[in-house]
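Working notes, structure below.
Only the coordinates and a few stated rules stand behind these numbers; no lab work does. Because the structure is predicted, anything quoted here is derived from the model rather than measured. Ideal geometry is used to build each Cβ from the backbone, glycine not excepted, and the neighbour counts take in all protein chains shown.
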Amino acid sequence: MASIMSLLAIDIGSSRCKAVVFALTGEILTQHACAYTPAFPAPSHAEINPETFWQAVCHCSQAVSKNLSDPVRALCLSSHGETFVPVNGRNQPVAPAILNQDNRATEETVWLERTFERKRLFEITGLVAHPMYPVPKFLWLRKHRPDVVAPSVRFLSVIGYVLSRLGLPAYIDYSLASRYLAFDIRQRRWSEEILAATEISAECLPIPVPAGTIAGKIDAHVASQLGLSPGTIVVMGGHDQPCSALGVGAIGSGRVADSMGTYECLLAASDQPCLTDEALAASLNSYCHVVPDKFVTLAYFPSGIMVKWFHDLLYAAAYGEGSLAQNGDPSDSESIHYASLEREAPAGPTGLCITPNLIGTCNPDFNPRTRGIISGLGPDTTRSQIYKGILEGLACELSQMTDILTNAVGEFRDVYVTGGGARSALGLQLRAALSGRELHVMKCPEAVCLGGAILAGVACGEYGSLREAVELVVHDVSTVSPDPALAAAYAQQAKQYRHLRSALTAGATTESAIGRQEEQ
């Protein structure tokens, strides 16, 4: 099938923007990425200048558009969730974008938990209260920055802000709207109940539309900034995790995706949201998919952040800050370091118990106060043992996540993996053995952008449907099966990890309860 047109997908992360151009057959024609650094102006605060997102989009788009033989037919935008940009009536920022990792709104989160029964909030939004979400931060801004919460101010998603810079309506798709903690996922609209209780006006929020909606076409001025042709179609993508699920073919019940990035996210697609008592007890997220009339349920934990932390601890001084190459991908030296650590790793279990919770836990307890632990160090412990111990900890954590997700959505054996963690053969081997799941490594390593490209291709008529596109462009290239002997060798260490993880969670819960009593 000869491709005469191409599809451009741009994914805007919290620390990196990536643009990938795909042929209609799913092959990557070219890609480019650039990194940026958030600001941390106060404890628990994380912000970024919104202009940074726009400049990154322009830079990446221009880079991939140069010397492209197949013109870009459509552009699709996806992004990380929760981050928002306060703008005035002319869509100009009135304050920095507040990032998802910002945890300033802890008091407001407690207030939400008291105002709404936990189960009721979960039934409406598919989420449990947490300071990562925009609504608690809106309440914080109202109290501490009333100038930012003027009647004319709107709170746009990252995609909405970029759309406004493209001269298009600042829409938000259902999956990203679901990350605000104010979206009725069944009705697919802002929750009147939550807005009334929080005294947030619906006019302050963007207009929700389905992923795959055509937002418009770019004019000549914007096209020159992006390096694209005037009239290029712009298509609504969505939250990166559902886009990644689409990119590995998880478009309906029975297929589970594992996106191994900064956070590792295990995701199951379904016809209905999973709002059971079991899902609530595990604080699962269940919300709108980028696939029409479908939902996703996900469990996740810090993953790549721990690996990157250890790498930089060992090597950053040797080559200075900024270990990323110009295109934002791991540098050659970084890849060499990981390969060396993996090659030197001991054959059997390290005996170490290492939890990856550098900035808090996720499922099942979601406690931002929790910190990571390294247990079992001795005077003869090597850096390669610690590196493998981190991979062992991630495998133990994934094993717990698979159990949690199974309890909520039912049994599954096959998991379709993508992301940076999928590059580690040792990491995949450990994950498969300890979780007891068959891991399918995808042909395309850029699942988020592939999902965006699929949405763009369907929107502009290049594919007849999402299912047709998935059958054409989504393929796995290898399978890692669980090794029973390896699982048996790790039985004791895995048991110790679970005990440590439980103690860590209990300690953090106690600390959190004490903190709340002090707040009262």
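For the chain, the number of Lys pairs with C-alpha atoms closer than 28 Å, counting only pairs eight or more positions apart or on separate chains, is 18. Summing +1 for each Lys or Arg and -1 for each Asp or Glu among the other residues whose beta-carbon sits under 15 angstrom from that of Gly231 gives +1. Sorted fewest first by neighbouring Cβ atoms within 10 angstrom, Glu446, Glu344 come out as Glu344, Glu446. Label point of His45 set 7 angstrom out along Cα-Cβ; within region 121-137, amide nitrogens under 16 Å from it belong to 137.
Coupling constants for region 375-384 follow from the phi torsions by the Karplus curve (6.51 cos²θ - 1.76 cosθ + 1.60, θ = phi - 60°), and in residue order they are 10, x, 5, x, x, 9, 5, 9, 5, 5 Hz; glycine and proline get x. When only alpha carbons are used to place a centre, region 129-174 and region 196-225 end up 11 Å from one another.
A Förster radius of 30 Å combined with the Cβ-Cβ distance from Ala316 to Val477 puts the calculated FRET efficiency at roughly 0.40.
Under the criterion of Cα pairs below 8 Å and six or more residues apart, the relative contact order for the chain equals 15 percent. Backbone amide hydrogens, once placed in the peptide plane, bring Cys76 within less than 5 Å of Leu8, Ala9, Ile10, Val235, excluding anything fewer than 5 places away on its chain.
For trypsin sites (Lys or Arg not before Pro), the sites in region 163-260 that DSSP calls loop and that have at most 16 other Cβ atoms within 10 Å are Arg186, Arg188. Of the residues Leu8, Leu176, Leu275, the one with the fewest other Cβ atoms within 10 Å heads the list, and the complete ranking is Leu275, Leu8, Leu176. A Förster distance of 56 Å, applied to the separation of the beta-carbon atoms of Asp414 and Tyr36, puts the FRET efficiency at 0.95. By other beta-carbon atoms within 10 Å, ranking Thr25, Thr109 with the fewest at the front produces Thr25, Thr109.
Paramagnetic label reach from Glu344 (point 7 Å along Cα→Cβ; backbone nitrogen cut-off under 19 Å): within region 269-311, residues 307-311. In this label model, Ser333 and Gln55 are separated by 2.5 nm, measuring between points 7 Å along each Cα→Cβ vector. Using the Cβ-Cβ distance between Glu192 and Asn407 with R0 set to 35 Å, the FRET efficiency works out to roughly 0.60.
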